[in-house]
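Since the structure comes first, as structure tokens, the remarks are kept for the end.
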Amino acid sequence: MPEFRWVDTHCHLQHAAFDGDRAEVLERSLAQLDWLIVIGDSVASSEQGCAMAGPRVHATVGIHPHEAKHADAAALEAIETLARREGVCAIGEIGLDYHYDFSPRDEQRSAFAAQLDLAARLDMPIVIHCREAEEDLAALVESAPVRPRGVMHCFGGDAAFAERCLGWGLYISFAGNVTFSKAQRLRDAAAVVPVDRLLVETDSPYLAPQPLRGKRCEPPYVQYVGEAIARLKGISSETFAGHVKENALRALGLSTRA
Ligand SMILES: [Zn+2]
Ligand SMILES: [Zn+2]
């Protein structure tokens, strides 16, 4: 065991994949990590995340673009109420996903805009999900009355889009797919992000990194993502893990007691 610990800035321990052993996974995760953030993607998962929040477990609340067709006024009001709960650090994950198109694109855009507005009203950071929707997402971010702050999660764009996100002031988080052999484009994007703007995550239960690709992903696997980026940056894992923690504190306004 190394002397230092990683953090997982984005995981979905609420997911049904953990129904059989959620408490054990959380216990093992907290034994190996400093802290983690459980991410909401619907009203139900946001409620569940709030219930898991504690001294080393932070939560975010929000409606994922996949769920945008359910983001009616009542759902948005429920998210607003949850956002005021203790232990909630951000609105997310929110954004656009034109790869799966599980919700109509116009409903994705209006759910994203409504939650950008919510984050601005509550003065909270956001966690953004963007897949194959860079231009529409940029239009909404750039026309928002209050420029959002926070994290572009599971970065999937190219180096030019990474630079655009940096220009907006966002932090950029990489997940296990950055370790895949064919992911040179993601590594090229990570190369342009300064170490004081980088985060790492697992997006558990999805995207287990090499050498565990294909398994159910768990928060401690963030180590492999962190090690891959540290190698890319030519710094030690310990140094990079320290940067990630400081960056997450700044990006999401987390209390240092975490
Ligand atoms: Zn996502
Ligand atoms: Zn996610």
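Derivation of every value follows stated rules applied to the coordinates shown; laboratory data play no part. Only a predicted model underlies this, so the values are computations on that prediction, with no experimental measurement involved. Here the Cβ is made from the backbone with ideal geometry for all residues, glycine too, and neighbour counts use every protein chain on show.
Quick notes
- Taking 0.36 nm per residue of separation and subtracting the current Cα-Cα distance, fully stretching the chain between residue 142 and residue 70 would add 23.4 nm.
- The charge dipole of region 8-252, taken about its Cα centre with unit charges on the Cβ of Lys, Arg, Asp and Glu (plus for the first two, minus for the last two), comes to roughly 640 debye.
- Which of 169, 51, 17, positive extreme of dipole for region 8-252 (C-beta unit charges): 169
- Lys-Lys pairs in the chain that are eight or more residues apart or on separate chains and whose Cα atoms lie under 29 Å of each other come to 6.
- Centre separation in Å (Cα based) which lies between region 155-171 and region 79-148: 16
- If the chain linking residue 236 and residue 135 were pulled fully straight, counting 0.36 nm for each residue of separation and taking away their Cα-Cα distance, it would gain 32.8 nm.
- The order of the peptides 6-13, 138-145, 199-206 by mean Cβ neighbours within 10 Å, most packed first, is 6-13, 199-206, 138-145.
- Where labels lie 7 Å past Cα in the beta-carbon direction, separation of residue 100 and residue 56 in nm: 3.0
- Computed over the chain, the per-residue total of -39500 (n - 2.57) for DSSP H runs of n ≥ 4 gives a 222 nm mean residue ellipticity of -12500 deg cm²/dmol, rounded to 500.
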